[in-house]
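Take a look at the structure below.
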Amino acid sequence: MTLSTDRKSASEGEYLDIRWECNACPDSLYLSVDSGYQQYSIAVADNGSTRLAMGRSKGKTTISLIGVISGKKVTESVEIRIRNRKESRKAKAPLSTRMKAFGEKMQAKWYVFRAQMKYWWISQKKWQKALWIALLALWLGLLFSSIGRKPEVKVSSDQIQTAYLVR
């Protein structure tokens, strides 16, 4: 029993030629198609071919030839990789259009953030506002005092020799 296709990958909507042979299948022979979303089977002759349209798939479609030979079930399968039609023909917008859309999105997010902060500030009690202002002043004082300073590093010759020997 043999099963073959004209190619191993296709896009949704494309047709695929399938050929099969089974010389020792007197009982029954079925062609089964499983796309991950649906599965169906059709009865077929011992030798033949057909053309199938590849529909919606979860990335691969399995085509199987199922036959009964001497009372035993025999299966021959082929996996076809299916590309999503939307992914294969989706074109990107020009960079200027994408940057403009990004800028508009960021501007909208900034307006929402500002409105949320205004609402938050209004909802604070007087002592909470005073505490937040004090914390901000402390943080800014520490920031500006650390910017102007250069770190002082005092290293003696003994420390340099010790560090060299340790390595």
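The values are calculated or read from the model by the stated rules, or taken from the named source; none is laboratory data. For clarity, every value in this text was computed on a predicted model and none was experimentally measured. Reconstructed Cβ throughout: ideal geometry from the backbone, glycine too, with neighbour counts over all protein chains shown. To get the accessible areas, we keep the full protein, side chains included, count just its heavy atoms, and leave off ligands, DNA and RNA. Shrake-Rupley method; radii C 1.70, N 1.55, O 1.52, S 1.80 Å.
Under the condition of being of a type outside the set (Lys, Arg), over 14 Å from GLU76 (Cβ atoms) and open to solvent by 10 Å² or more (accessible area, probe 1.4 Å), the residues counted in the range 1-28 number 11.
Determine whether ILE80 is farther than 15 Å from ASP6 by Cβ and in contact (Cβ under 8 Å) with a residue 60 or more places away in the chain. Criteria not met by ILE80.
Just give me the residues in the range 62-76 being in contact with a Leu (Cβ under 9 Å, 6 or more places away or on another chain) and not aliphatic (A, V, I, L, M), in sequence order.
In the first step, residues of the range 62-76 are kept if they are in contact with a Leu (Cβ under 9 Å, 6 or more places away or on another chain); the result is 63-68, 74-76.
Scanning the range 62-76 gives SER64, GLY67, THR75, GLU76.
Among the residues of the range 56-79, not a single one is under 25 Å from the mean Cα position of the chain (by Cα) and aliphatic (A, V, I, L, M).
Once the range 29-46 is narrowed to residues that are hydroxyl-bearing (Ser, Thr, Tyr) and surrounded by 14 or more Cβ atoms within 10 Å (Cβ to Cβ), the residue that is farthest from GLU12 (Cα to Cα) is TYR30. Name the single residue, out of those in the range 62-74 being among the hydroxyl-bearing types (Ser, Thr, Tyr) and in contact with a strand residue (DSSP E or B) (Cβ under 6 Å, 6 or more places away or on another chain), that is least open to solvent (accessible area, probe 1.4 Å). Here the residue is SER64.
The set of residues in the range 53-87 being modelled with pLDDT under 85, under 13 Å from ILE18 (Cβ atoms) and assigned to a strand (DSSP E or B) consists of ALA53 alone.
Of the listed requirements (1) among the small types (Gly, Ala, Ser); (2) within 42 Å of the chain's Cα centre (by Cα); (3) modelled with pLDDT under 90, GLY103 misses just one: (3). Considering the range 47-61, the residues that are open to solvent by 30 Å² or more (accessible area, probe 1.4 Å) and in contact with a strand residue (DSSP E or B) (Cβ under 6 Å, 6 or more places away or on another chain) include one that is nearest to ASN84 (Cα to Cα), namely LYS60.
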